[in-house]
């Protein structure tokens, strides 16, 4: 048995995470073979009206180079390679993906002067917006889980060839993730179709 460890770091981001923001970080098990360290960053937005909140969001967008929300994903995969004999060939064991994910979302500083309809509109927006960003994060986690399962089934008579197969599958996984993220944004118009739009749409005129 010849153990071999391999590692690769894949990073995907809409925009780098800003510094100086308090983070909530926790580790959580995900699909088999995938361990995630997750972080959430929240930046404050103030205002007592839709217009004032809109201005606060515009200022945040300008400060972040044109992006309101962010997600960042990096992963590192490792495995052991067992060089068998005869028909057993070379196989992978102990496949594992360690991921780091970060999302950054706005948080309204509730104003006592804000009307109830403004507070309700923000709650709807914030929930939809965070769900959209988290779905990007979930895409990465699901892709990592698929990657682990794929590697667990791989085998080849040559360990050298198997190593090349792994590299090819890692590139394929990265491409699939990019496609999934692009499709998510296309299907939801970057979350707008699911409510992640500010300012909110005005109510339709009454007949």
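Read the figures in this text as sums done on the coordinates, not as results from a lab. Predicted model, so just to flag it, every value in this text is computed and none were measured. In this analysis, Cβ positions are derived from the backbone assuming ideal geometry, glycine residues included, and neighbour counts consider all displayed protein chains.
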How big is the Cα convex hull of segment 113-191 in projection, averaged over all directions, in nm²?
-> 6.7 nm²
Length released on extending from residue 161 to residue 46, taking residue separation times 0.36 nm less the Cα-Cα span = 35.7 nm
Using the 10 angstrom Cβ neighbour count as an exposure proxy, how do 90, 159 rank, fewest first?
-> 159, 90
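Between residue 83 and residue 197, what length comes free when the chain is fully extended (0.36 nm per residue of separation minus the Cα-Cα distance, one decimal in nm)?
35.6 nm
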Hey, how much of the P(r) for segment 74-207 falls beyond 17 Å, as a percent of Cα pairs?
-> 69 percent
Exposure-ranked with fewest Cβ neighbours within 10 Å first, 53, 141 stand as 141, 53
Expressed in nanometres to one decimal, the distance between label points 7 Å along Cα→Cβ at residue 37 and residue 62 is 3.6 nm
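Please work out how much length the chain gains when fully extended from residue 183 to residue 107, using 0.36 nm per residue of separation minus the C-alpha to C-alpha distance, in nm with one decimal.
Once the chain is fully extended between residue 183 and residue 107, it gains 24.7 nm.
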Ranked on Cβ counts within 10 Å of their own Cβ, fewest leading, 99, 157, 30 go 157, 30, 99
At R0 = 25 Å, FRET efficiency that the Cβ-Cβ distance of residue 76 and residue 138 yields, to 0.05 = 0.85
Burial-style ranking of 161-167, 129-135, 116-122, average other-beta-carbon count within 10 Å with highest first, yields 129-135, 161-167, 116-122
